[in-house]
Amino acid sequence: MPNPKSQIPTQMQIGALGDIHGEFGTVDDLMTRHADVPFWISVGDVASNDGEYFPPVAPLYWIKGNNEDFDVIAAAMAGYPPAPRLNYLSNGGPHQVGPWRIAALGGTFAPSWYHTPAAALPQSKGRTAPTASVKLGKSRDDKRRHFVRDEVVLCKGLKQIDIFLTHEAPRPFYPAGRRIDSGKTVINEVIAAMCPRLHLFGHHHEFTDSVRQGVRSIGLDVVTRSYLLIDTQTFKCERLDT
């Protein structure tokens with residue numbers, strides 16, 4: 001039986017998407033436009049406002065954001081993906097995605113929940129029993145939207161990582177020129193310990209390109225505005241308008 005890795009071209013481009021927020025038609029248009037791109041990655045917030053997910057045209061690997069249906073994510077972690085070709089990357093890793101070793105730290109930072117074990121993060125008290133169509137608004141106070149210390153420690157111990165995906169930004173980060181630093185120190189700490197070849201994040205819907213702890217760190221715009229194509233060997237990043 002042939003090794004699947006041997007069938008992957010040695011040089012190609014991979015697509016990288018920022019927050020999707022239910023713009024599934026836009027994603028499918030991009031995937032159709034770049035039919036030679038074998039798979040895509042996303043920094044989270046895939047679900048629509050109604051908590052829906054979709055089967056993308058090409059394989060899409062994603063981490064959790066803060067606006068998701070976290071029952072859907074729990075099912076994905078148990079081996080039940082929400083849709084064909086939609087592949088969830090749980091926090092930690094390494095995840096082998098094509099030729100890349102990827103680490104994930106999805107979700108947002110909350111000091112009051114940071115030292116809670118991930119399995120003990122409570123879901124929204126207002127959530128009803130899971131149904132075929134779950135409204136996202138019912139899970140906006142779902143504490144499972146956060147990452148926790150145990151996951152950060154796991155990420156710090158990972159080495160030889162090609163891509164580090166987070167939803168939160170590293171520091172300093174001033175979205176839209178505001179004076180308040182919205183970055184999170186723990187992201188910088190993981191970057192410094194892990195030394196990935198590239199770091200990608202989202203959440204703020206703003207494209208930025210900087211260096212953090214000696215690592216190139218790119219903030220991705222919302223998918224309706226722009227996206228990246230990344231060369232798998234050189235890691236050259238090409239930003240394209242949607």
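Since only ASN188, GLN11, THR26 are under comparison, the one whose Cα sits farthest along the positive direction of the charge dipole of the chain, derived from C-beta charges on Lys, Arg, Asp and Glu, is ASN188. For the range 152-242, which trypsin sites (Lys or Arg not before Pro) are both in a DSSP coil and crowded by at most 13 other Cβ atoms within 10 Å? Those that pass, being in a loop and sparsely packed, are LYS159, ARG178, ARG179, LYS236.
Assuming charge only on the beta carbon of Lys and Arg (+1) and of Asp and Glu (-1), the dipole of the range 178-242 about its Cα centre is about 160 debye to the nearest 20. Just the protein heavy atoms count here, and of the accessible area of the chain at 1.4 Å, carbon and sulfur take up 51 percent. You can think of it this way: the chain between GLN160 and GLN233 has 24.9 nm of extra reach, that is 0.36 nm per residue less the Cα-Cα gap.
Here each label is just a point 7 Å from Cα along the line to Cβ, and for ARG85 and VAL153 those points are 4.0 nm apart.
The residues of the chain have, on average, 45 Å² of accessible surface per residue, using a 1.4 Å probe with all protein chains present.
Charges were assigned to the Cβ only: +1 to each Lys and Arg, -1 to each Asp and Glu. The resulting dipole of the chain about its Cα centre is roughly 700 debye. Consider the candidate values (i) 13.2; (ii) 15.2; (iii) 17.4; state which one is mean projected area of the Cα convex hull in nm² computed from the structure displayed. Computed from the coordinates, mean projected area of the Cα convex hull in nm² corresponds to (i).
Determine the dipole magnitude for the range 20-80: charges of +1 sit on the beta-carbon of Lys and Arg, -1 on that of Asp and Glu, nothing else is charged, the reference point is the Cα centre, and the result goes in debye to the nearest 20. Before the final figure, lay out the partial values.
Values: 2 positive and 10 negative charges, 47 e Å.
Around 220 debye, computed over the range 20-80.
The values are calculated or read from the model by the stated rules, or taken from the named source; none is laboratory data. As the structure is a prediction and not an experimental result, all values here were calculated from the model. Because the Cβ atoms are built from the backbone with ideal geometry, glycine has one as well, and the counts that use them run over all protein chains shown. All accessible areas refer to the heavy atoms of the entire protein, side chains included, with ligands and DNA or RNA removed. Shrake-Rupley method; radii C 1.70, N 1.55, O 1.52, S 1.80 Å.
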